[in-house]
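None of the figures in this text is laboratory data; all of them are computed from the coordinates on show. Every value quoted in this text rests on a predicted model; they were computed, and no experiment measured them. Here the Cβ positions follow ideal geometry from the backbone for every residue, glycine too, while neighbour counts run over all protein chains shown.
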Amino acid sequence: MTYTVPAPLRQRPAFQALQQHFERLRETTLTEMFAADAARGTSLTLEAEGIYFDYSKHRVTAETIDLLVELAEESGLADLRADMFGGEHINITEDRAVLHVALRAPRDQVISTDGHDVVPGVHEVLDRMGAFADQIRSGQWTGHTGKPIRAIVNIGIGGSDLGPVMAYEALRHYSDRDLTFRFVSNVDGTDFAEKTHDLDPEQTLFIVSSKTFTTLETMTNAHTARDWSLAALGDEAAVAKHFVAVSTNAEAVSAFGIDTANMFGFWNWVGGRYSMESAIGLSTMIAIGPENYAQLLAGSHAVDEHFRSTPLRENLPVLMGLLTFWYSEFFGAQTQAVLPYDQYLLRFPAYLQQLTMESNGKYVTLGGVKVDYSTCPVYWGEPGTNGQHSFYQLIHQGTLLIPVDFIAFAHSLNPLGDHHDYLTSNVFAQGEALAFGKTAEQVRAEGVAEELVPFKVFEGNRPSSTFLIEKLTPYVLGQLVALYEHSVFTQGAVWSIGSFDQWGVELGKQLAQRVIPELQSDGEPELGHDSSTNELIRRYRAARDT
Ligand code: F6P
């Protein structure tokens with residue numbers, strides 16, 4: 001490992017320089033910045049890998065970016081990045097390499113960890129996935145009664161669900177419309193019931209996706225699915241035709257009753273939230289076909305190479321990550337909105353929530369001490385224009401500063417009349433309104449009654465990035481995924497936190513395992529609980545049993 005944990009954030013010289021710079025800049029508005037520099041709208045932009053990134057509507061100058069880049073350098077970003085690509089165990093607390101970049105490496109690239117090139121294994125699984133996807137798509141793979149599979153149900157949760165469902169929705173345009181795709185994640189029986197009620201067991205394939213193959217939600221749903229399937233098909237032998245598994249845990253897969261010949265593996269160097277391009281993407285590959293899937297991987301790989309080899313100052317995901325840090329640290333921004341102006345990206349914000357917050361929602365540094373600064377903001381969002389008629393009021397006139405990522409496309413995949421120009425005019429208008437607002441003088445000039453003027457003023461000075469991309473393709477989706485992954489990486493490096501473990505999800509899981517038998521027995525709840533939890537258990541049992 002070349003990376004060493006740097007000095008505490010606020011003691012780094014570049015941080016202190018940034019702090020002073022911020023004090024000078026904090027009162028300067030975006031209106032003033034644009035007035036002072038006529039070229040700002042073209043100079044504070046970056047074009048990389050076919051993506052146009054406009055960051056001119058941020059409360060930064062070129063000097064801010066230089067200082068942020070200096071901070072990234074002092075934070076060891078380049079070393080940590082080299083260690084990731086070099087297969088070092090940068091997931092320190094789990095002693096694991098972090099190599100999702102290998103999932104999209106071309107066949108001839110060598111990426112090694114622990115003295116072993118992992119790329120041939122990646123392609124072996126991709127080839128098996130491709131052959132299987134082709135069999136399902138062509139109808140060659142038949143169910144137990146000889147009928148072709150027409151419905152694919154992915155059972156998984158977290159990284160074993162959010163990536164697949166996001167990618168399916170995002171790439172629906174490219175999908176085989178004769179196939180139905182469903183995604184069951186919640187242990188709430190309603191999820192399974194609603195997603196399967198209209199499916200024909202004879203033509204339904206379940207993909208049980210779980211890295212560990214121990215997750216309560218997924219295992220419960222998988223058993224229910226098996227019961228559902230066998231109740232109709234009446235024969236254990238049907239499992240082999242209607243269930244496949246995606247996992248790193250062959251033993252548990254075979255204990256469940258799935259033949260490991262029907263298992264697609266991956267490796268412990270793929271984190272759950274970074275796994276949508278591992279075998280966890282099997283449903284995506286069946287939906288869009290192996291060639292489109294290869295494009296998805298190619299898009300991510302192009303961004304991986306950009307991230308790995310472009311100087312930090314021109315490095316798109318690095319800038320994205322540094323901007324998030326800038327607002328979190330200096331403006332106290334507690335959230336970050338991601339607002340894609342493309343209906344197909346409706347689940348992209350939900351996908352990003354796990355990617356960003358499970359990665360960087362942490363208060364302990366890699367050095368094992370508690371931070372004295374904020375880390376990951378809350379990521380959230382909805383596709384435009386729907387959000388405009390809902391929460392945008394708060395972004396424009398609320399008391400919180402919310403940096404926004406707008407994602408816009410030059411072409412619609414469904415060109416209908418003027419729809420796309422109307423959609424895109426809205427995204428540009430929103431960025432403009434947020435940045436420059438409307439002054440009291442402008443409001444008065446519109447003839448607004450004096451008592452209404454304060455309500456109609458927009459302070460502006462609200463930051464946004466705009467991505468302008470040609471059109472949503474599998475390749476572009478791969479790029480977007482990798483951009484946010486490496487932005488998360490950059491943020492983690494600056495905050496000196498480990499972005500690749502997730503200990504914070506464990507306690508609730510452990511306590512649930514204690515509560516389950518208590519809900520299922522008549523005895524008094526354990527003394528170890530607090531009085532509130534005990535009373536909730538008693539009341540739940542009483543209400544359920546009457
Ligand atoms: O609970 C969090 C988590 O461990 C995620 O990191 C992971 O994506 C999810 O659960 C599902 O885990 P698995 O794929 O092992 O079922």
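So, by mean Cβ neighbours within 10 angstrom, what's the order for 339-350, 434-445 with the highest one leading?
Most protected by this proxy first, the peptides run 339-350, 434-445.
For region 383-513, report the convex hull volume of the alpha-carbon atoms normalised per residue, in Å³, without decimals.
So the per-residue Cα hull volume is 202 Å³.
5 Å is the cut-off here: which amide hydrogens, built 1.01 Å from N in the peptide plane, fall below it relative to residue 113, excluding neighbours closer than 5 in sequence?
Distant-sequence amide H within range of residue 113: 118.
For a quick size check, give me the Cα extents of region 389-461 along its three principal axes, largest first, whole Å.
Projected onto its principal axes, the Cα set of region 389-461 covers 46, 28, 19 Å.
At a 10 Å Cβ-Cβ cut-off, how would you order 178, 117, fewest neighbours first?
Least crowded to most crowded, the residues run 178, 117.
Among 232-244, 200-212, how do they line up from the highest to the lowest mean number of other beta-carbon atoms within 10 Å?
The peptides rank, most packed first, as 200-212, 232-244.
If you rank 313, 177 by fewest surrounding Cβ atoms within 10 Å, what's the result?
Lowest count first: 177, 313.
Quote the FRET efficiency, to the nearest 0.05, computed for residue 397 versus residue 542 with a Förster distance R0 of 35 Å and r equal to the Cβ-Cβ distance.
After rounding to 0.05, the efficiency reads 0.15.
Cα atoms only, region 10-56: Rg and Dmax in Å?
14.2, 38
Cα centroid distance between region 295-316 and region 434-459, in Å?
For region 295-316 versus region 434-459, the Cα centre distance is 43 Å.
Under 29 Å Cα-Cα from residue 471, which lysines qualify once same-chain neighbours fewer than 8 residues away are excluded?
57
Mind checking which lysines have their Cα closer than 24 Å to the Cα of residue 509? Skip sequence neighbours fewer than 8 apart in that chain.
Partners found: 211, 362, 370.
Can you give me the long-range amide H partners of residue 181? Hydrogens built in the peptide plane at 1.01 Å from N, cutoff under 5 Å, separation of 5 or more residues or another chain.
152
How large is ³J(HN,Hα) for each residue in region 272-280, as worked out from phi by the Karplus curve 6.51 cos²θ - 1.76 cosθ + 1.60 (θ = phi - 60°), to whole Hz, x for Gly and Pro?
For region 272-280, the Karplus-derived couplings read x, 6, 10, 9, 5, 9, 8, 4, 4 Hz, x marking Gly and Pro.
Rounded to the nearest 0.05, what FRET efficiency do residue 410 and residue 364 have when you use their Cβ-Cβ distance and R0 = 41 Å?
Efficiency, rounded to the nearest 0.05: 0.40.
Using packing as a proxy for protection, rank 382-393, 28-39 so that the peptide with the highest average count of other Cβ atoms within 10 Å comes first.
Packing proxy ranking, top to bottom: 382-393, 28-39.
What's the percent breakdown of Cα-Cα distances in region 234-392 across 5 Å bins, shortest bin first?
The percentages, shortest bin first, are 2, 7, 10, 13, 17, 16, 13, 9, 7, 4, 2, 1, 0.
Over the Cα atoms of the chain, what Rg and Dmax result, in angstrom?
Using the Cα atoms of the chain, the pair Rg, Dmax is 25.2, 78 Å.
Tell me, Kirkwood radius of region 1-154 from alpha-carbon pair distances, in Å?
For region 1-154, inverting the mean 1/r across all distinct Cα pairs yields 20.6 Å.
Scan around residue 28 for amide H atoms under 5 Å from its own, H built in the peptide plane at 1.01 Å from N, and keep only partners 5 or more places away or cross-chain.
Long-range HN contacts for residue 28: none found.
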